[in-house]
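The values are calculated or read from the model by the stated rules, or taken from the named source; none is laboratory data. Everything numeric in this text was worked out from a predicted model, so none of it was measured. Here Cβ is always computed from backbone atoms with ideal geometry, including for glycine, and neighbour counts include all displayed protein chains. When the accessible area is computed, the model is the full protein with side chains, heavy atoms only, and any ligands, DNA or RNA have been set aside. Shrake-Rupley method; radii C 1.70, N 1.55, O 1.52, S 1.80 Å.
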Amino acid sequence: MPPQAIDPTEVEAFALRRRRLAFLFAFAFAIRLAHILLIRTNPFFEHPWVDADFGVSWKHEFSRYGFLGEGVYYQAPLYPYFLALISKVWGFDFLLPRLLQAVIDAGSCILTYVLARRVGGDRVGWIAGIIAALYGPLIFFQGMLLETILSLFLIEAALVSLIGLSQGKSLLRWLGSGLLLGLACLARPNMLIVLPFLMGWGAWALRRADGYRAQNRLAIWLRISLLALGTVLPIIPVTWRNYRVASDVVLISSDAGHKFFIGNNRLNTTGSYYQFDNVRSYPRHEAEDFRKIAEESIGTLLEPSEISRYFFRRGLEFIRTHPGSYLVLQGKKLLLYLNHREAPGYQHMEVFRRFSLILQLPLPGFGLIAPLGLAGLVLLWRRHPGYRLLAIYTVAYSLSVMTFYVLGRYRIPIVPTLIVFAAGAIDALWLAVSDKKWGDCKRWAALIVPFAVVVWIPLPFMDWQLPQAHARLGRAYMIPRPRAEAIPAFEEAVRLDPENAAFHSGLGFACLWTGDLDRAEKAFLEVIRLRPRTASSHWKLGFLYDQMGRKQEAKKLYLDAIEIEPSFLDAHWSLAMMLDRMDETDEAIQIVTAAIKTNPPNVGELKWLRAWLVQRRQAPR
């Protein structure tokens, strides 16, 4: 049979599409590169906090303990290994990972185009690709050292691969799709909840495909088994590693129960992250604090998996005993999840905008794509098997997030699928208007308008972290040395929440270390007003007076702090050093000795201080 001639028009169309895709990639990357270069003035750029700091610190742990690290993974391990690999190959700085994330995110824009093109055609693909390239929160998150962008790319790649599998042509492609899903689980473990839904879609799509009817059930099960095998293959080494280093069976990470309890307890009234008074927010400290709570409650030492199960039981107990409160909380999670604003984590996007001219542009955000995308999901999901896959994934993934708690970066993985549905909606509306099919227009409007109302509902509790975000910015400006920019950040935090003593304290230290002592005094006086029975409140003002040379006022405040909390070491140290400079070392020894007699928890440190004072007394002056 002679070979068929190649149609020149098809070759030309293919070449044109490749050039356009190259332009889309370059356009998306250029925007992200500009954003990265602009945010280098952000103090968080080289001093990441909370989850970002946890991921960065793991590369040091790998250097210290080897490739396997130490202890069970508390959080998903893929992104820290990504950072460790960068450090090993190129050497680590804070710019290179962000540049690689810009490349990855630009690649995600191409994948969004591919997804949309496969289900809706070329025009829908270009609409989706352009929206993804300009989508504000994606630009924001790719500039942060978090797993968000890496996990998004893996999930999109898996969805693209799955859409192409419904014809079941290649066994290896089913295995490869599973590998992508397994890697995605190592970056976002809540994807484990989504897997059964995706595999169910795969079986359904195969049964509908030509040549895979009932007589080929074995072929269908073989392909679904390969998909499952591929998913499991990346996870098995992580489970083995956890057992190897800690003799504890943990599938990926041990924080699932903790997150479930954080999102499902009677104190959580927002549906977002809840900060317990006795639990620090840094992941490493959070794991330790949760461990102490669980072990003190049960009265025995616990493995990480047992701690996770303990907090799962605590969350389920809340659901069982307070079903009404739980349903209200789930409603708040849904509203928060669908809201046009990004539920903030440790960095608030609205505070972050000041560092990037890109984010100050009127870029598309969730408030645009959600009403269009949700309407598209309702009206388009029957038109193509791929649309069904994207609809199933969007709903299943959203439920997996609301099982725990809602943050803006946790909903990023549904953004590409919503963009695809939004692009399909835009295309369908354009055709309806062009063809004057006003009935179709009314049907679309009947869905878009109510969805827009829900998405744009003002949620007052969305602002509860805004003062904290300004305060965190102020504290970041204090590292590694105090900078004047910290003062307006703390002032804004105080303006938003004037009754927060910690904000006044931060403002006081920022003014103290930048030389504005009068403003520092006013701030520390506010701290005492707000927390009169807290030892640190008096110590802070005493420390300021000590620096100002007002020794007697400082001495009184130090003594007030020690009276409130006899074991408060900062006050003892400050008073001892001041009295030693004033040649009143004997009095300092008497004060420390009196504190030692109360046998406080830090008695060893107080004894060391007394020994130092005795040595100072005996030394020639």
The one condition in (1) outside any helix (DSSP H, G or I); (2) modelled with pLDDT under 95 that Phe404 fails to fulfil: (2)
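State yes or no: is Leu115 assigned to a loop (DSSP other than H, G, I, E, B) and crowded, with 22+ Cβ neighbours inside 10 Å?
Details: assigned to a loop (DSSP other than H, G, I, E, B): no; crowded, with 22+ Cβ neighbours inside 10 Å: yes.
Criteria not met by Leu115.
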Within segment 450-478, considering residues that are in contact (Cβ under 8 Å) with a residue 12 or more places away in the chain and of a type in the set (Val, Ile, Thr), the one nearest to Thr269 (Cα to Cα): Ile457
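What is the residue count in segment 285-301 for residues that are under 18 Å from the mean Cα position of the chain (by Cα) and either closer than 22 Å to Val401 by Cα or open to solvent by less than 70 Å² (accessible area, probe 1.4 Å) (or both)?
Keep residues of segment 285-301 that are under 18 Å from the mean Cα position of the chain (by Cα), which gives 285-287.
From what's left, either closer than 22 Å to Val401 by Cα or open to solvent by less than 70 Å² (accessible area, probe 1.4 Å) (or both): 286-287.
Qualifying residue count, segment 285-301: 2.
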Output for segment 556-594, where each listed residue is open to solvent by 60 Å² or more (accessible area, probe 1.4 Å) and touching a residue at least 24 places away in the same chain (Cβ under 8 Å): Leu559, Glu565, Asp570, Trp573, Asp583, Asp586
Failed item in (1) in a helix (DSSP H, G or I); (2) open to solvent by less than 20 Å² (accessible area, probe 1.4 Å); (3) not hydrophobic (A, V, I, L, M, F, W, C), with Arg388 passing the rest: (2)
Given (1) surrounded by 18 or more Cβ atoms within 10 Å (Cβ to Cβ); (2) of a type outside the set (Val, Ile, Thr); (3) farther than 30 Å from Leu33 by Cα, number of the condition Phe352 does not satisfy: (3)
Any pair with Cβ under 6 angstrom, 6 or more apart, that starts in segment 311-329 at a residue that is without any contact (Cβ under 8 Å) to a residue 12 or more places away in the chain and over 17 Å from Val406 (Cβ atoms) and ends at one that is among the hydroxyl-bearing types (Ser, Thr, Tyr) and assigned to a helix (DSSP H, G or I): none
Residues satisfying the stated conditions in segment 505-529, i.e. within 30 Å of Thr598 (Cα to Cα) and either at pLDDT below 90 or open to solvent by 40 Å² or more (accessible area, probe 1.4 Å) (or both): Leu525, Arg529
Total residues in segment 444-463, condition open to solvent by 70 Å² or more (accessible area, probe 1.4 Å) and either at pLDDT 95 or above or among the polar types (S, T, N, Q) (or both): 3
Tally, over segment 79-110, of residues that are closer than 29 Å to Tyr387 by Cα and surrounded by fewer than 22 Cβ atoms within 10 Å (Cβ to Cβ): 4
Members of segment 391-424 found to be open to solvent by 10 Å² or more (accessible area, probe 1.4 Å) and basic (Lys, Arg), listed by number: Arg409
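Are any residues in segment 302-311 farther than 14 Å from Val72 by Cβ and either open to solvent by 70 Å² or more (accessible area, probe 1.4 Å) or within 23 Å of the chain's Cα centre (by Cα) (or both), and if so, which ones? Break it down into steps so the answer makes sense when it comes.
Taking segment 302-311 as the starting set, the residues that turn out to be farther than 14 Å from Val72 by Cβ are 310-311.
Passing the criteria: only Phe311.
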Sole residue being open to solvent by 50 Å² or more (accessible area, probe 1.4 Å) and over 17 Å from Ala132 (Cβ atoms), chosen from Leu380, Leu361, Leu357: Leu357
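Looking for whichever is without any contact (Cβ under 8 Å) to a residue 60 or more places away in the chain, open to solvent by less than 50 Å² (accessible area, probe 1.4 Å) and in contact with a Lys or Arg (Cβ under 8 Å, 6 or more places away or on another chain) here; the options are Ala493, Ala486, Ala432. Which one fits? Let's see the steps before the verdict.
Working: Ala493 fails: in contact with a Lys or Arg (Cβ under 8 Å, 6 or more places away or on another chain); Ala432 fails: in contact with a Lys or Arg (Cβ under 8 Å, 6 or more places away or on another chain).
Being without any contact (Cβ under 8 Å) to a residue 60 or more places away in the chain, open to solvent by less than 50 Å² (accessible area, probe 1.4 Å) and in contact with a Lys or Arg (Cβ under 8 Å, 6 or more places away or on another chain) holds for just one of Ala493, Ala486, Ala432, which is Ala486.
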Residue in segment 136-153 that is surrounded by the most Cβ atoms within 10 Å (Cβ to Cβ), counting only those that are among the small types (Gly, Ala, Ser) and assigned to a helix (DSSP H, G or I): Ser151
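Does any residue of segment 154-172 turn out to be open to solvent by 10 Å² or more (accessible area, probe 1.4 Å), more than 25 Å from Leu377 (Cα to Cα) and part of a helix (DSSP H, G or I)?
Quick first cut of segment 154-172, residues open to solvent by 10 Å² or more (accessible area, probe 1.4 Å) only: 154, 157, 160-161, 163-164, 166-167, 169-172.
So of that shortlist, the ones also more than 25 Å from Leu377 (Cα to Cα) come out as 169-172.
Adding the requirement that they be part of a helix (DSSP H, G or I) leaves 171-172.
Yes, that holds for at least one residue.
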Residues of segment 542-555 satisfying the condition of being farther than 13 Å from Ala576 by Cβ and open to solvent by less than 30 Å² (accessible area, probe 1.4 Å): Leu544, Tyr545
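With respect to Ile369, determine if the residue is part of a helix (DSSP H, G or I), over 20 Å from Pro458 (Cβ atoms) and either open to solvent by 30 Å² or more (accessible area, probe 1.4 Å) or out of contact with any strand residue (DSSP E or B) (no Cβ under 9 Å at 6 or more places or on another chain) (or both). Don't jump to the end; show me each part of the working.
Numbers: part of a helix (DSSP H, G or I): yes; over 20 Å from Pro458 (Cβ atoms): no; either open to solvent by 30 Å² or more (accessible area, probe 1.4 Å) or out of contact with any strand residue (DSSP E or B) (no Cβ under 9 Å at 6 or more places or on another chain) (or both): yes.
Against the criterion (part of a helix (DSSP H, G or I), over 20 Å from Pro458 (Cβ atoms) and either open to solvent by 30 Å² or more (accessible area, probe 1.4 Å) or out of contact with any strand residue (DSSP E or B) (no Cβ under 9 Å at 6 or more places or on another chain) (or both)), Ile369 does not qualify.
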